[in-house]
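The structure appears right after this line, and notes come after that.
The values are calculated or read from the model by the stated rules, or taken from the named source; none is laboratory data. What you see is a predicted model, and the numbers here were worked out from it, not measured in a lab. Glycine gets a Cβ as well: all are built from the backbone with ideal geometry, and neighbour counts include every protein chain shown. Quick note on the areas: whole protein, heavy atoms, side chains included, nothing else; ligands and nucleic acids left out. Shrake-Rupley method; radii C 1.70, N 1.55, O 1.52, S 1.80 Å.
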Amino acid sequence: MTNLSSYPVPVFSLKKSERNIRESISRIATGINVLSGNNASRHVLGTTLEADGKSYIQATSGIESGLSLLNLVESALTELDSLASRLKELGQQATLSTNTTEDTAALNSEAAHLSDTIDSIVSSLTFNNISILGTSTKQFTIGIDNAGTTATIKTTSGIAATSITGATNANTSATTTLGEIRQSLGAVAGSIESFNGYLSIAESSSAELIAHATKLQDTDFAIETAKLAKNSILKNYSLAMLAQVNEIEESQLKLLA
């Protein structure tokens, strides 16, 4: 029998090749690059980046909800602006001395209905069952990044109740209401611009972080396939060398016999 311990180089080469082959097969089969202690620091960094990326995804969801809220408020405020503008027109028309009794009655009726509509929208508009307009300032905080940083959405600076029962002097009250509505519209427009920016950053950050985490953690199949082929060749060479050693040993034993 051949004493392989007398030929450590081919034996070592064979064992190393077999070990490398097993590791490459494991990485190719699982798609995980860090098996068998392969650069654990890459795995740790990849895990951290992946977690940050997923946190950005959650922030993206929150920002999108914030934008939905803002778009709803903007639509409502735009409609309120139209209603208050009409209310102002009615108050102006009510000043005409040429109005008949019927004209005045019609103006008073329309003004009262418009006032009720404005006050109802301001007091009853909700998002997810939460009031988002009112007679006082309304603000909401939304997470914008992976660290839990928040930004404030201001939906209104407060729109006072009009409580108008007739067209007389409605233009004065409507002017005040229009100012409050337009101030609120300005705050909403600014928030929409800001949150669109936050959304773009969160989306790009999540994509980049997760993509880089994947590169760190996942198997590079081209590299591992090349390693597998290389080590398979080395294994075959080692086996061939050991076979040749065995033949030499057998020949020497025959000569001695």
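Observations on the model:
- Which listed residue is buried (at least 17 other Cβ atoms within 10 Å of the Cβ) and free of Cβ contacts under 8 Å to residues at least 40 places away in the same chain, from Glu180, Glu193: Glu180
- Positions within segment 205-257 being within 30 Å of Gln58 (Cα to Cα), charged (D, E, K, R), open to solvent by less than 90 Å² (accessible area, probe 1.4 Å) and at pLDDT 70 or above, in sequence order: none
- Residue count for segment 140-155, restricted to those that are assigned to a strand (DSSP E or B), over 19 Å from Ile121 (Cβ atoms) and free of Cβ contacts under 8 Å to residues at least 60 places away in the same chain: 4.
- Cβ pairs under 6 Å, 6+ apart, first in segment 156-173 and open to solvent by less than 20 Å² (accessible area, probe 1.4 Å), second assigned to a loop (DSSP other than H, G, I, E, B): Thr156/Leu133; Gly158/Thr135; Gly158/Ser136; Gly158/Thr137; Ala167/Ala94; Ala170/Ile164
- Restricting attention to segment 123-181 and to residues that are closer than 12 Å to Leu87 by Cβ and among the hydrophobic types (A, V, I, L, M, F, W, C), the residue that is nearest to the chain's Cα centre (by Cα) turns out to be Ile181.
- Of note, Ser123 does not satisfy the criterion of being exposed (fewer than 13 other Cβ atoms within 10 Å of the Cβ) and more than 16 Å from Phe195 (Cα to Cα).
- Selection status of Ile130, under 30 Å from Ser206 (Cα atoms) and free of Cβ contacts under 8 Å to residues at least 12 places away in the same chain: yes
- Residue match in segment 173-181 (condition: in a helix (DSSP H, G or I), within 18 Å of Leu69 (Cα to Cα) and at pLDDT 95 or above): yes
- The number of residues in segment 95-107 being open to solvent by 50 Å² or more (accessible area, probe 1.4 Å) and either in a helix (DSSP H, G or I) or of a type in the set (A, V, I, L, M, F, W, C) (or both) comes to 7.
- Screening Leu90 with (1) more than 30 Å from Thr126 (Cα to Cα); (2) at pLDDT 85 or above; (3) crowded, with 17+ Cβ neighbours inside 10 Å; (4) over 24 Å from the mean Cα position of the chain (by Cα) gives one miss only, at (1).
- Selection status of Thr78, within 30 Å of Ile201 (Cα to Cα) and either among the aromatic types (Phe, Trp, Tyr) or at pLDDT below 95 (or both): no
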